[in-house]
Structures are given as structure tokens and as C-alpha cells.
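Chemist: Just dropping this structure here.
The values are calculated or read from the model by the stated rules, or taken from the named source; none is laboratory data. As the structure is a computational prediction, the values presented were derived from the model and not from experiment. As a convention, Cβ positions derive from the backbone with ideal geometry for all residues, glycine included, and neighbour counts pool all protein chains shown. These area figures cover heavy atoms from the full protein model, side chains too; ligands, DNA and RNA do not enter into them. Shrake-Rupley method; radii C 1.70, N 1.55, O 1.52, S 1.80 Å.
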Amino acid sequence: MHGIFISMEGPDGSGKSTQLELLKEYLSKKGYEIIVTREPGGTKISEAVREIILNKEYTEMGYMTEALLYASARAQLVSEVIKPALDAGKAVISDRFIDSSAVYQGMARGLGVENVYKINEFATQGVMPKLTIHLDLPAKVGISRKNDQKELDRMELESMEFHERVAEGYRKLALLAPERIYTIDATQTIEAIHKQIVDKIDNILS
Ligand code: TYD
């Protein structure tokens with residue numbers, strides 16, 4: 001595999017999409033061919049699975065079902081988009097990847113990080129990001145941002161305790177994999193966060 005794979009992670013409302021767009025522009029200007037994708041989603045089938053997962057009418061969805069649906073959307077995205085792009089030497093930036101499952105399903109839902117990684121290793125064929133940007137933000141700030149922007153989906157409608165477990169889960173995960181996960185304080189300005197991301201990436205690429 002020759003391309004570079006970067007994932008963007010953080011609690012709901014941490015500003016991932018904004019930073020992803022800025023990063024895409026930056027890397028394009030540097031001459032990289034960029035594939036931007038999001039999870040759950042990024043392919044026709046994965047977007048259809050996303051509709052099921054986030055549908056707030058499915059209040060009866062079991063945690064294992066949820067974890068397997070995320071993994072199935074990911075399996076399709078990896079085989080249809082991410083793997084071919086990396087094999088062709090492109091840069092892939094993904095709004096969320098395997099760590100979202102480790103944190104939301106493994107930690108916040110309590111399924112266990114090991115179990116979640118196990119099913120996801122199968123789903124991803126071992127494809128892992130070279131760098132993961134973790135936008136760290138208090139759960140309350142993120143959810144109130146989301147609430148101002150749109151109608152909340154099934155996950156965003158979870159309790160504040162759930163979202164706090166998510167925010168804390170990301171911090172724990174970042175400590176477990178410091179060589180891959182780079183944490184940034186997402187309460188800073190958009191420009192300051194972008195600069196930190198760019199500095200880190202330049203460092204890795206050089
Ligand atoms: P996202 O697309 O980032 O939400 P939005 O577009 O509304 O900002 O993610 C959808 C939700 O799914 C989000 O609450 C996080 C959750 N999620 C998981 O619980 N596990 C996963 O593996 C992934 C990829 C997302």
C-alpha cells in the first residue's frame with residue numbers, strides 16, 4: 001500500500017467536517033490526489049446502512065446489532081473505496097473510522113474495545129490510518145452545537161452521560177495509541193486547529 005490514510009475522530013459536534021474540508025484543500029494544493037469519505041457511509045450500500053443505524057425510530061436496536069452494522073458499512077467502504085485508493089497511491093481522509101466503533105460501541109455502550117476491534121479487523125482487512133486526528137471537546141459543547149444546526153439523530157439523542165463517556169473514551173484511546181492518535185483541543189478557533197493539523201501532517205510527510 002502506497003497512499004496515506006488519515007482519519008478524523010471526536011465526539012459529535014467537535015468540528016471534524018470543517019477541519020476535513022480545510023485539510024482537503026491544503027493537501028490538494030500540495031499536489032495530492034485526495035479521496036474524502038465519511039463513516040458510516042461513503043458508498044451507496046454504506047449510506048443505506050447509515051440510514052438504518054441513525055434512524056431515531058429504531059429505539060429497540062441492540063448494541064451488538066449496532067456494532068455489526070457500523071462494521072458492515074465499514075467493510076464495504078474499505079473494499080470499494082479506501083483500499084483501491086491507497087493501492088493507487090492516493091491520500092484518503094475519512095470523517096471517522098474504526099476508533100469511532102472502539103469508543104462509541106466498545107466504551108460508551110460497554111461492549112469492550114477488544115471485542116469491537118476483533119469484528120472490525122475482519123471488516124477492514126487490517127487497513128488502519130497512519131494518523132488519526134482527535135478533536136477533543138467537552139461533550140456538552142459538542143451536543144449543543146449539533147442541536148443548533150440540525151434535528152438530532154438516534155445517536156445524538158443519547159443521554160449526556162453517554163456523550164461524556166464518548167469524550168472520555170477518546171481521551172483514553174489516545175493515551176493507548178499515542179504513536180497514531182494526535183489530540184487537539186477543539187475549543188480553539190478553526191484557524192488554530194487547522195494550523196496544528198497541518199503542522200502535524202507536514203511533519204509526517206517530510
Ligand atoms: P457522524 O456522521 O459523524 O454524525 P453527523 O454527520 O451527524 O455529525 O456520525 C454518525 C454517528 O454515528 C455519530 O453519533 C457517531 C456514531 N458512530 C458510532 O457510534 N460508531 C461508529 O463506528 C461510527 C463510524 C459512528
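One line per residue, one yes/no per condition, for (1) open to solvent by less than 30 Å² (accessible area, probe 1.4 Å); (2) in contact (Cβ under 8 Å) with a residue 24 or more places away in the chain; (3) more than 15 Å from Glu9 (Cα to Cα); (4) among the aliphatic types (A, V, I, L, M):
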position	(1), (2), (3), (4)
Lys83	no, yes, yes, no
Asp87	no, yes, yes, no
Lys90	no, yes, yes, no
Phe97	yes, yes, no, no
Val113	no, yes, yes, yes
Val116	yes, yes, yes, yes
Thr124	yes, yes, yes, no
Val141	no, yes, yes, yes
Phe162	yes, yes, yes, no
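Chemist: Looking only at residues in region 32-48 that are open to solvent by 20 Å² or more (accessible area, probe 1.4 Å) and β-branched (Val, Ile, Thr), which one is nearest to Asn120 (Cα to Cα)? Don't jump to the end; show me each part of the working.
Modeler: Step one: list which residues in region 32-48 are open to solvent by 20 Å² or more (accessible area, probe 1.4 Å), which gives 32-36, 38, 42, 44-45, 47-48.
Those still in the list that are β-branched (Val, Ile, Thr) too: 34-36, 45.
Values: Ile34: 24, Ile35: 21, Val36: 21, Ile45: 17 Å.
This residue is Ile45.
Chemist: What are the residues in region 29-57 that are over 14 Å from Val92 (Cβ atoms), assigned to a loop (DSSP other than H, G, I, E, B) and more than 13 Å from the ligand (Cβ to nearest atom), if any?
Modeler: Answer for region 29-57, where residues must be over 14 Å from Val92 (Cβ atoms), assigned to a loop (DSSP other than H, G, I, E, B) and more than 13 Å from the ligand (Cβ to nearest atom): Lys30, Gly31, Glu57.
Chemist: Next up: In region 63-80, which residues are open to solvent by 30 Å² or more (accessible area, probe 1.4 Å) and either over 28 Å from Phe162 (Cα atoms) or out of contact with any Leu (no Cβ under 8 Å at 6 or more places or on another chain) (or both)? Don't jump to the end; show me each part of the working.
Modeler: Keep residues of region 63-80 that are open to solvent by 30 Å² or more (accessible area, probe 1.4 Å), which gives 63-65, 68-69, 72, 75-76, 79-80.
Correct list: Thr65, Leu68, Leu69, Ser72, Ala75, Gln76, Ser79, Glu80.
Chemist: Being touching a helix residue (DSSP H, G or I) at 6+ places or on another chain (Cβ under 7 Å) and at positive phi: is that true of Gly42 here?
Modeler: On the way: touching a helix residue (DSSP H, G or I) at 6+ places or on another chain (Cβ under 7 Å): yes; at positive phi: yes.
Yes; evaluated as a whole, the condition is true for this residue.
Chemist: Which one of these does Glu151 not meet: (1) surrounded by 15 or more Cβ atoms within 10 Å (Cβ to Cβ); (2) modelled with pLDDT under 95?
Modeler: (1)
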